[in-house]
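**Q** Mind looking over this structure? Questions follow.
The values are calculated or read from the model by the stated rules, or taken from the named source; none is laboratory data. Because the structure is a prediction, the values reported are computed rather than measured. Positions of Cβ are generated from backbone atoms using ideal geometry, with glycine treated the same way; all protein chains shown enter the neighbour counts.
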Amino acid sequence: MDKARVISLFIGVVRAKSFSQAAVDAGLTPQAVSKAVRQLEEHLGVRLFHRTTRSLSLTDDGARLFELANPGLRLLDEALDQIQSSRLEVDGLIRVVAPMSIGIAIIVPLLREFQQRYPGAHFDMQLDDHFTDLVESRIDVGFRAGSPPERNLISRKLGEITLLTCAAPSYLERHGTPRTVADLAGHRCTGFRLPSTGRLMPWEFHVDGATVYQDVPVVASFNTVEGELTAVRSGLGIGQMPVFMIERELASGALAPLLTNTITANNGVFMYYQQRTQMPLRVRHFIDFVLEQAPLRLQAQREAIHSAKGR
């Protein structure tokens, strides 16, 4: 016996003062409601109603059960109503995960702008360069660079990641400026070590209509793009960086673009989330907002490069 169901039907009969009306309210037949109440009476070993062809009244045991169970059912109804209404509100918590580089440079500014539209929205953001399981970590929306997740998730591409070879003016003053990809063999370079494999990521270039990958002489490697950027900015060596992370440095002259005829944009930025029909409205609004705003930020990368070249 489904205790919650039969007690709910029992309370429905008491409130409606009729088996037939309670059946209409529950979307059942009067026979089904009557059967459920009989099951409850048999389970408890007491009669709950005095029934005649013309009247229906509670027994003392029925009145006591209603007195004890009715407040609990009302609380349950209120809880369900609150959860349902929360789906229709933009206020509330949105849990987000992103790699540190994308999170800091792209997503955090979007959080601020989204909260300007919806001040009641709050965020719990995790910065993690490893792929995060949304279900296990109770995440609403995730972001990643490279390729879309292969799992059973909805994935939306936000734009391309433009990679630019660059260096600080102080480095170029000491070591000179490479004019070709081959010249990098005689320079000091930085490297990024992939968190997933621990291997150094080869640099990539667009040469003669094709993408070529090349290992460079690395004098320092890093497991975060932020660490590598700090090193390149300080003049430690030449780096190959995502343009969305160095737009300010390019605009201020803190970094100079190099080998701009070899720029590639083969990797993307992806947003992913679970396939849910009952998605809270605040999460739906945030997804739509990101789809609207993130591509504009990523499209601005080329403009940042051209502006730096024209300085």
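**Q** Pick from segment 188-203 the residues that are under 26 Å from Glu173 (Cα atoms) and surrounded by fewer than 19 Cβ atoms within 10 Å (Cβ to Cβ): which of them is farthest from the chain's Cα centre (by Cα)?
**A** Checked segment 188-203; the qualifying residue farthest from the chain's Cα centre (by Cα) is Arg188.
**Q** Can you list residue pairs whose Cβ atoms sit under 6 Å apart, with the first residue in segment 218-238 being in the same structural domain as Gly176 (by TED's automatic domain parsing) and the second being acidic (Asp, Glu)? Count only pairs 6 or more apart in sequence or on different chains.
**A** Sorted first by the residue in segment 218-238, then by its partner, the pairs are Phe222/Glu228.
**Q** Quick one: Ser221 ticks every box in (1) polar (S, T, N, Q); (2) assigned to a helix (DSSP H, G or I); (3) surrounded by 14 or more Cβ atoms within 10 Å (Cβ to Cβ) bar one, so which box is it?
**A** Failing condition for Ser221: (2).
**Q** Hey, another quick one. Return a yes/no flag: does segment 114-123 have any residue that is more than 20 Å from Leu296 (Cβ to Cβ) and surrounded by 15 or more Cβ atoms within 10 Å (Cβ to Cβ). Before you say what the answer is, go through the steps one by one.
**A** Going residue by residue through segment 114-123, those that are more than 20 Å from Leu296 (Cβ to Cβ) are 119-123.
When the remaining residues are screened for being surrounded by 15 or more Cβ atoms within 10 Å (Cβ to Cβ), the result is 121, 123.
Looking for residues that are more than 20 Å from Leu296 (Cβ to Cβ) and surrounded by 15 or more Cβ atoms within 10 Å (Cβ to Cβ), one finds at least one in segment 114-123, hence yes.
**Q** Among the residues of segment 90-143, which ones are under 23 Å from Gly268 (Cα atoms), out of contact with any Phe, Trp or Tyr (no Cβ under 6 Å at 6 or more places or on another chain) and of a type in the set (Phe, Trp, Tyr)?
**A** Phe131, Phe143
**Q** Within segment 1-31, can you find the residues that are among the charged types (D, E, K, R) and part of a helix (DSSP H, G or I)? Give the steps one after another, and end with the answer.
**A** Here is the first cut: in segment 1-31, the residues among the charged types (D, E, K, R) are 2-3, 5, 15, 17, 25.
Listed by number, the residues that qualify are Lys3, Arg5, Arg15, Asp25.
**Q** Which fully enclosed helices (runs of 4 or more DSSP H) of segment 93-176 have 3 or more residues being farther than 19 Å from Ile246 by Cα, within 11 Å of the chain's Cα centre (by Cα) and of a type in the set (Val, Ile, Thr)?
**A** Ranges flagged: none.
**Q** In segment 5-26, how many residues are surrounded by 15 or more Cβ atoms within 10 Å (Cβ to Cβ), of a type outside the set (S, T, N, Q) and in contact (Cβ under 8 Å) with a residue 24 or more places away in the chain?
**A** 8
**Q** Another one. Hey, Pro280 hits all of (1) in contact with a Leu (Cβ under 9 Å, 6 or more places away or on another chain); (2) more than 30 Å from Val90 (Cβ to Cβ); (3) not charged (D, E, K, R) but one; which does it fall short on?
**A** That leaves (2) as the condition not met.
One line per residue, one yes/no per condition, for (1) modelled with pLDDT under 85; (2) on the phi > 0 side of the Ramachandran plot; (3) surrounded by 11 or more Cβ atoms within 10 Å (Cβ to Cβ); (4) not aliphatic (A, V, I, L, M):
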{"site": "Leu28", "(1), (2), (3), (4)": "no, no, yes, no"}
{"site": "Gln31", "(1), (2), (3), (4)": "no, no, no, yes"}
{"site": "Val37", "(1), (2), (3), (4)": "no, no, yes, no"}
{"site": "Leu75", "(1), (2), (3), (4)": "yes, no, no, no"}
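**Q** Which residues, taken from segment 90-121, are among the hydroxyl-bearing types (Ser, Thr, Tyr) and in contact with an Asp or Glu (Cβ under 7 Å, 6 or more places away or on another chain)?
**A** Result: Ser101, single match.
**Q** Among strands (runs of 3 or more DSSP E) lying entirely in segment 177-217, which contain 2 or more residues that are under 20 Å from Leu229 (Cβ atoms)?
**A** Numbers: elements: 189-192, 203-207, 210-214.
Result: 189-192, 203-207.
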